[in-house]
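Here's the structure, in structure tokens; my notes come after.
The values are calculated or read from the model by the stated rules, or taken from the named source; none is laboratory data. These figures come from a predicted structure and were not determined experimentally. Glycine also receives a Cβ, built like all others from the backbone with ideal geometry; neighbour counts cover every protein chain displayed.
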Amino acid sequence: MAEYGLVAPVGRNGLQRLIAIIDDLDDARVPAVARASLAPLIRQLGLVSDQVLENDRLVRASPKSTELGHRLMEVPGVCPVLVSAMVATVPDPTVFKSGRDLAAWIGLVPRQNFSGGKEKLGGITKQGDRYLRQLLVAGAWLSSATPKDMGPGVPG
């Protein structure tokens, strides 16, 4: 589109502006050949967008379908994406004796160094499921943050 002098900001809104120009048959800035070539791409983008929205709807609905999902959703900072990731990643939570065992399996425990009878704790080990760990850390941060901490534009 830039070859025809049509540019838009990066992102979804910019793309929608360009699609609107292509869809406008009265707009002479886009040649008919280019419009015909871009039309299938626009249809494919629409299909992919619809599929993403449907998958998002399924992810948001899935925690409500199980008893474990309901229980996890009651925890502050836990969102449907985290619940679906937790349910998919942790096959049977009863195999863990405690929450600490689960945290160690995910990789949320501090690295331990012992020297001369003294224990030194480091940062989290970063071993285990990286995606699940990221979701848990983000959820913990968001549940403890105030609107002032989150920056401008967040209602407080």
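Regarding the stretch 45-64, can at least one residue be identified that is in a helix (DSSP H, G or I), farther than 30 Å from VAL87 by Cβ and outside the structural domain of VAL87 (by TED's automatic domain parsing)? The answer is yes, given that some residue of the stretch 45-64 is in a helix (DSSP H, G or I), farther than 30 Å from VAL87 by Cβ and outside the structural domain of VAL87 (by TED's automatic domain parsing). Among the residues of the stretch 19-32, the ones that are within 16 Å of GLY5 (Cα to Cα) and in a helix (DSSP H, G or I) come to 5 in all. The set of residues in the stretch 78-90 that are in contact (Cβ under 8 Å) with a residue 40 or more places away in the chain and in a helix (DSSP H, G or I) comprises VAL81, LEU82, ALA85, MET86, THR89.
VAL59 falls short on exactly one of the conditions (1) surrounded by fewer than 10 Cβ atoms within 10 Å (Cβ to Cβ); (2) of a type in the set (Val, Ile, Thr); (3) within 21 Å of GLY139 (Cα to Cα), and that condition is (1). Of the residues in the stretch 135-143, at least one is under 29 Å from ALA61 (Cα atoms), under 21 Å from the mean Cα position of the chain (by Cα) and at pLDDT below 80. For beta carbons closer than 7 Å, sequence separation of 6+ or different chains, a first residue in the stretch 6-34 that is surrounded by 13 or more Cβ atoms within 10 Å (Cβ to Cβ) and a second that is of a type in the set (Asp, Glu) and not in a helix (DSSP H, G or I), the qualifying pairs are ILE21/ASP27.
The single residue among ALA88, ALA20 that is out of contact with any Leu (no Cβ under 6 Å at 6 or more places or on another chain), of a type outside the set (Lys, Arg) and not assigned by TED's automatic domain parsing to the domain that holds VAL137 turns out to be ALA20. Whether a residue is assigned to a helix (DSSP H, G or I), β-branched (Val, Ile, Thr) and within 22 Å of ALA138 (Cα to Cα) was assessed, and VAL75 does not pass this test. Considered as a group, the residues in the stretch 33-45 that are of a type in the set (A, V, I, L, M, F, W, C) and in contact with a helix residue (DSSP H, G or I) (Cβ under 9 Å, 6 or more places away or on another chain) include one that is nearest to GLU3 (Cα to Cα), and that residue is ALA34. Considering only the stretch 118-128, I want to know if a residue exists there that is in a helix (DSSP H, G or I) and closer than 18 Å to VAL90 by Cβ. No, because not a single residue in the stretch 118-128 is in a helix (DSSP H, G or I) and closer than 18 Å to VAL90 by Cβ.
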